[in-house]
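Just below is one structure, and these are the notes that go with it.
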Amino acid sequence: MKNVLVFGGFGFLGFYLVKELLNREYNIIVADIVQNEELKNSVEYIQCDISKEDEVTSVFERHNYDIVYNLAGFANLDNAIKFPIKTINLNVIGNMYVLEQCVKHKVERFVYASSAYAMSNKGSFYGISKLASEKIIEEYNKKYDLSFVILRYGSVYSERSYDNNYIYNLVKKAVLERKINHHGDGNEIREYIHAADAAKLSVDVIESDSFKNLHVILTGTERMKRIEMFQMINEILNNDVVISCNESGYNNHYKFTPYSFEPSVSKKLVANPHIDMGQGLLECVRAVYNTK
C-alpha cells in the first residue's frame, strides 16, 4: 500500500477524499489542526498547522510518503477577503513549507487543491493566493522535478456542515428561517459537483500518469443559475421560503464563468535627457579599471 499524506484531511473536501482513499485501500495519514471523530480510528492523525514550518517538518519526519495532498488553508472566500495576511501565510507560505519537505523527502507526487478562482480576476486575495501557489508549484517542478497535479475545484457541495459548504448553509437557513437572502441578482451560473464525486476524481488523478504535471478542472454537470437552485429548494420545502436577491454586493464572485483575461497595462517611462549607451559602457569599463 502507498502511504498518502493529506494536509487538511478532516476539512470539507478532505473528509470525502480520505473516505475515498480508504475505499481504495491506501495507507492514510492526515495532518490537520482538528481531529475528526468519525474517521479517527481509520487513519493516523498528526496535529499540524501548515503556517508553522516546524510542525510541517515534524509531519514528514514521521513517515515516508509516496503521495502528498494539500487541502489545508483558507477555503472560504469571504474570510480570505477579511484576512489577507493570514490567507497568504496559509495558502502560499504554508504550501511552500509542504513543497520544501516534498522535495527533501523525494515524494512521488504532490496534489494541490486549487480553485476555479485561480483562473479569474475575481476572488480577491483568495484567488490571488491560489494562483500564486500554482505558479510556485510549477517552479518547484522545473527546479526540483517534483511531479504535481493541480486540481481546480469549482462549486463543491455536500450534506455535511462546514462553513465553506455554501449549499448546505443555504438549505439550513431555508429550513430553519424559511429565508434565502442572496447578494447577487440570482442569474449567476454554477456547475455543481458533490464532494463525494470530486473526491473520486481527486484520487483518479494519482492512479494514472496521464494527469502528471497538469492542471485539472473539477466541476459537475449540474449547471444552473443560482435562482433556479433557490426555486428548487423552495419547492422541496413546499413553497414556504421567501427568496430575496437584493444585489447588494457580489463583486468578488464570478457571474457566468471563472475564466477571465485581464492583462496588466503598463506605461513606458524613458529618461530625457538620458545617458547614452556607449557612454554608459565606457563608465563601466572605467569603473572596472579603477578597481584593478
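Quick note: the coordinates plus some simple rules give every number you see, no bench work behind them. These figures come from a predicted structure and were not determined experimentally. Cβ coordinates were reconstructed from backbone atoms using ideal geometry, including for glycine residues, and neighbour counts include every protein chain displayed.
Tell me which residues come under 5 Å, amide H to amide H, from ALA31 once H is placed; ignore anything under 5 positions away on its chain.
Here the answer is VAL6, PHE7, GLY8, GLY9, ILE46, since their amide H atoms fall under 5 Å of that of ALA31.
Less than 15 Å Cβ to Cβ from ILE150, Lys/Arg counted +1 and Asp/Glu -1: what total charge do the surrounding residues give?
Here the charged neighbours net out to +2.
Running a GNM on the chain with Cα contacts under 10 Å, which residue among LYS225, LYS86, LYS142 ends up with the highest mean-square fluctuation?
Maximum fluctuation in the GNM of the chain, among the listed residues, is at LYS142.
Tell me, what are the semi-axes, in whole angstrom and largest first, of the equivalent ellipsoid of the stretch 125-247 as set by the roots of 5 times the Cα gyration tensor eigenvalues?
Semi-axis lengths for the stretch 125-247 are 36, 16, 12 Å.
Tell me what the chain gives for mean residue ellipticity at 222 nm when only DSSP H runs of n ≥ 4 count, each as -39,500 (n - 2.57), the sum divided by the residue total, rounded to 500 deg cm²/dmol.
Counting only the DSSP helices, I get -11500 deg cm²/dmol.
At a threshold of 8 angstrom on Cα-Cα distance, excluding pairs fewer than six apart, so keeping six or more, what relative contact order does the stretch 93-237 reach in percent?
25
Measure off 7 Å from each Cα along the Cα-to-Cβ vector at GLU37 and ASN141, then give the distance between these two points in nanometres to one decimal.
Modelled inter-label distance: 4.1 nm.
Give me the net charge of GLU20's neighbourhood, meaning all other residues with Cβ under 15 Å from the Cβ of GLU20; Lys, Arg count +1, Asp, Glu -1.
Taking every Cβ under 15 Å from that of GLU20, the sum is 0.
Can you put THR291, THR57, THR221 in order, fewest other beta carbons within 10 Å first?
Least crowded to most crowded, the residues run THR291, THR221, THR57.
Please list the radius of gyration and Dmax for the chain, considering alpha-carbon atoms only, with Å as the unit.
Cα radius of gyration and Dmax of the chain are 23.4, 90 Å respectively.
Given 5 Å bins starting at zero, what is the percent of C-alpha pairs of the stretch 38-175 in each, up to the one with the largest pair distance?
2, 10, 18, 20, 20, 16, 10, 4, 1, 0, 0
What is the list of residues in the stretch 84-108 whose amide nitrogen lies under 19 Å from a point 7 angstrom out from the Cα of LYS52, following Cα to Cβ?
Zone members listed by number: 86-101.
Only Cα pairs under 8 Å and at least 6 apart count here; give the relative contact order of the stretch 14-101 as a rounded whole percent.
Averaging sequence separation for qualifying contacts and normalising by length gives 26 percent for the stretch 14-101.
Taking 8 Å as the Cα distance limit and 6 or more residues as the minimum spacing, I'd like the relative contact order of the chain as a percentage.
17
Any idea how far apart GLU177 and LEU282 come out in nm if each label point goes 7 Å out from Cα toward Cβ?
Result: 7.6 nm between the two label points.
Which three extents, in angstrom, do the Cα atoms of the stretch 88-147 have along their principal axes, listed largest first?
Taking max minus min along each principal axis of the Cα atoms, the stretch 88-147 gives 35, 19, 16 Å.
Can you give the % of DSSP beta bridges in the chain that are antiparallel, to the nearest 5?
10
So, in Å, what gap is there between the alpha-carbon centers of the stretch 100-115 and the stretch 156-227?
25
Under a Cβ-Cβ cut-off of 15 Å, what is the net charge of the residues other than ASN234 that fall near it, where Lys and Arg count +1 and Asp and Glu count -1?
That sum, taken over residues with Cβ under 15 Å, equals +2.
Could you list CYS48, CYS284, CYS245 in order of exposure, starting from the residue whose Cβ has the fewest other Cβ atoms within 10 Å?
Fewest-to-most ranking of CYS48, CYS284, CYS245: CYS284, CYS245, CYS48.
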